[in-house]
Every structure is written in structure tokens, then in C-alpha cells.
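**Q** Have a look at this one before I ask anything.
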Amino acid sequence: MTDVVHIRHITEADWDGIVAIESRAYTALGLSEGRAALRSRAEISPGTCFVLDVGSGPAGYLLALPYPALRYPDLARTEEAVVPPQPAPATRNLHLHDIVVEEGLRGRGLGQRLLHHFTLTARARGYERISLIAVGRSDTFWSARGYTAHPGISPGGYGANAVYMSRAVPTDLGAQPEPTGVVPRGPSVPTKRADPRVPCP
């Protein structure tokens, strides 16, 4: 048995599901942002934010927005509260703020599919770098995917051991699954990752 997988842009009807997924992933860790903050990230750059549908409903999401290099969102504040009212200088840096796959569906490559779709989008839109904050000692996971730590940056509010990282947008991503496909049903392969902020594949 298989479920249809589809990656698409976020719609208004998705927010209850996204907020629920985010809350389940992060409330116990003290990193949950709440609806207003999450929506404010997506409203800055809806073209770089996605929902992952598996079967009949949302099973994950990704939020990314342009941010100046070496800066990052404040989890306790909405973007309207931190972005100046005047147009900010254009940045070629796209910040991968959050990527989550529901716990019961991890280990099936869904997070990798979502990340690949995002990276293709970053390249198509002309971004030169992707940044993120690795938390819970997940920097080794991201290092294996080409991200480099910036030791002089200490991301406040993201928990102990948070690491600001970035990489150049790759020019050759190789053959990967399309945004729509299938995934086997059944129990996921167990994965243990000390990464509360980015609990994907």
C-alpha cells in the first residue's frame, strides 16, 4: 500500500494543521512559536514556504524567508515586529527557518524530499546562500549536507547548543523525486535525532 505525496504552497486552510504539527514538535522543548509568529514568517515569502501532504492531509511543512546573512528570526516575535517598515535591502540569503515532518512519518525520506524541493526553489529564485539554525546538536546532520557553522554567532532563544550555519545554493542537485509521488504506508523506520527545531527525515 502507498500514500500519495504532494508538496505545495501554503493556503489559508492549512494553518490549523501547521500550528498543530508545530505544537506537537516543539511545545515540550520550549521552542513553539504560536500561530501569529509562524504566519508572519510565511507572509514575508509565501513562495518559499510549503506544505507536505501525505494521503489525505498535511504531514509536514517548511518555512523559509529572505534574511540578511548572519541574522535570524526571533522566536518570540512576529516578523512585523522586527522588519523595518521601509523596504529592506535585497538579500541573496534565504533562511530555512523550520522544517517538520510528523513523527509517525519520519524515516521514509519525506523530509529529504521537502528539503530538495525547497533547495530547487531557492536556486530558481536566484538565492546564493541558504542559512539555518541547527539546534539540539543537529549540526552534524546539517554538516553532512554541506552546511558550515559560523562560530562567532550565538543564536539566542533557540536552546542550548544552537548553531548558525549556511551553505551556498548548490548548482547541481542530481536526480530526485518530484513534488508529487508515492510513499509506502506502514510503520516508519525509527530515527533518533537530537534536533528539536528541524525534525525531518
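**Q** Quickly run through region 1-28 and pick out the residues that are of a type in the set (A, V, I, L, M, F, W, C) and in contact with a Lys or Arg (Cβ under 8 Å, 6 or more places away or on another chain). Step through it out loud before you land on a result.
**A** Step one: list which residues in region 1-28 are of a type in the set (A, V, I, L, M, F, W, C), which gives 1, 4-5, 7, 10, 13, 15, 18-21, 25, 28.
Of everything in region 1-28, those that are of a type in the set (A, V, I, L, M, F, W, C) and in contact with a Lys or Arg (Cβ under 8 Å, 6 or more places away or on another chain) turn out to be Met1, Val5, Ile7, Trp15, Val19.
**Q** Within region 9-27, can you find the residues that are under 16 Å from the mean Cα position of the chain (by Cα), exposed (fewer than 14 other Cβ atoms within 10 Å of the Cβ) and not in a helix (DSSP H, G or I)?
**A** His9
**Q** Starting from region 22-39, keep only residues that are closer than 9 Å to Leu75 by Cα and free of Cβ contacts under 8 Å to residues at least 40 places away in the same chain, then list their pairs with residues that are assigned to a helix (DSSP H, G or I) and not small (Gly, Ala, Ser) whose Cβ atoms are within a distance under 6 Å, requiring at least 6 positions of separation or different chains.
**A** These pairs meet every condition: Ser32/Tyr26.
**Q** Among the residues of region 37-47, are any within 18 Å of Arg108 (Cβ to Cβ), modelled with pLDDT under 95 and surrounded by 16 or more Cβ atoms within 10 Å (Cβ to Cβ)?
**A** From region 37-47, those within 18 Å of Arg108 (Cβ to Cβ) are none; that's our starting set.
So far as region 37-47 goes, no, none of its residues is within 18 Å of Arg108 (Cβ to Cβ), modelled with pLDDT under 95 and surrounded by 16 or more Cβ atoms within 10 Å (Cβ to Cβ).
**Q** Return yes or no: is Tyr147 closer than 29 Å to Leu29 by Cα, of a type in the set (Phe, Trp, Tyr), under 17 Å from the mean Cα position of the chain (by Cα) and at pLDDT 90 or above?
**A** Spelling it out, Tyr147 is indeed closer than 29 Å to Leu29 by Cα, of a type in the set (Phe, Trp, Tyr), under 17 Å from the mean Cα position of the chain (by Cα) and at pLDDT 90 or above.
**Q** I'd like the residue in region 99-139 that is among the aliphatic types (A, V, I, L, M) and in a strand (DSSP E or B) and, out of all such residues, is surrounded by the most Cβ atoms within 10 Å (Cβ to Cβ). Outline the logic, then answer.
**A** Filtering region 99-139 down to residues among the aliphatic types (A, V, I, L, M) leaves 99-101, 105, 110, 114-115, 120, 122, 124, 130, 132-135.
From what is left, the residues that are in a strand (DSSP E or B) are 99-101, 130, 132-134.
Details: Ile99: 23, Val100: 25, Val101: 29, Ile130: 23, Leu132: 24, Ile133: 25, Ala134: 23.
The qualifying residue surrounded by the most Cβ atoms within 10 Å (Cβ to Cβ) is Val101.
The values are calculated or read from the model by the stated rules, or taken from the named source; none is laboratory data. Just so you know, these numbers come straight off a predicted model, no measurement behind them. Here the Cβ is made from the backbone with ideal geometry for all residues, glycine too, and neighbour counts use every protein chain on show.
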